[in-house]
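For reference, the structure discussed in these notes is given below.
The values are calculated or read from the model by the stated rules, or taken from the named source; none is laboratory data. Worth saying up front: this structure is predicted, and the values here are computed from it rather than measured. Cβ placement follows ideal geometry from the backbone for every residue including glycine, while neighbour counts extend to all protein chains displayed. Just the protein is used for accessible areas: all its heavy atoms, side chains included, with ligands, DNA and RNA removed. Shrake-Rupley method; radii C 1.70, N 1.55, O 1.52, S 1.80 Å.
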Amino acid sequence: MRETELTVAFYQRNFTREEWRKAFDEQQLDSLFVRLAQDLAPLGIRLRRVEDAGVTLDIKGYGDLLNSVRIRCPQHGVGNTCLGHIIGRSANLNLLEDIERGINRVAFAPETVEPEGSDKIVCHNCGCGC
């Protein structure tokens with residue numbers, strides 16, 4: 001079985017309000033990625049987490065936070081799509097929950113991710129251009 005690589009890239013973040021900095025907990029993210037990598041490995045999915053220093057976003061709200069997280073899985077037709085585009089609306093404004101939901105959607109149901117440039121409106125007002 002050919003291994004599928006799923007990368008979660010985090011753009012650099014400039015938090016303009018303290019409340020959004022609190023939503024981004026590095027230790028909890030580390031734990032989430034360790035657990036998900038262990039869960040996905042037996043299924044042939046290699047999970048990677050990278051920091052993308054080439055782009056910095058001002059985080060003024062939760063939509064910006066979602067936009068700063070990108071999921072890449074070319075084998076499943078997902079190039080560099082922001083988390084908000086993948087999951088749509090966030091039910092609980094919980095970044096860890098939303099990242100896990102996005103990873104699982106791309107890993108197990110990539111056909112449910114609306115393609116870039118499609119006619120269907122999926123905009124969640126993150127600024128990604130969809």
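Against the numbered list (1) assigned to a strand (DSSP E or B); (2) modelled with pLDDT under 95; (3) under 26 Å from Glu114 (Cβ atoms), Ala53 comes up short only at (3).
For the stretch 74-97, does any single residue satisfy the condition of being open to solvent by 60 Å² or more (accessible area, probe 1.4 Å) and in contact with a Ser or Thr (Cβ under 6 Å, 6 or more places away or on another chain)? Checked the stretch 74-97: at least one residue is open to solvent by 60 Å² or more (accessible area, probe 1.4 Å) and in contact with a Ser or Thr (Cβ under 6 Å, 6 or more places away or on another chain).
Annotation note: of Arg89, Arg70, Arg101, the sole residue that is under 22 Å from Pro115 (Cβ atoms), out of contact with any Leu (no Cβ under 8 Å at 6 or more places or on another chain) and not in a helix (DSSP H, G or I) is Arg89. When Leu47 is tested against (1) open to solvent by 20 Å² or more (accessible area, probe 1.4 Å); (2) within 20 Å of Asn14 (Cβ to Cβ); (3) among the hydrophobic types (A, V, I, L, M, F, W, C), exactly one condition is not met: (2).
The listed residues are Gln38, Gln12, Gln28, and the only one of them that is open to solvent by 90 Å² or more (accessible area, probe 1.4 Å) and touching a residue at least 12 places away in the same chain (Cβ under 8 Å) turns out to be Gln28.
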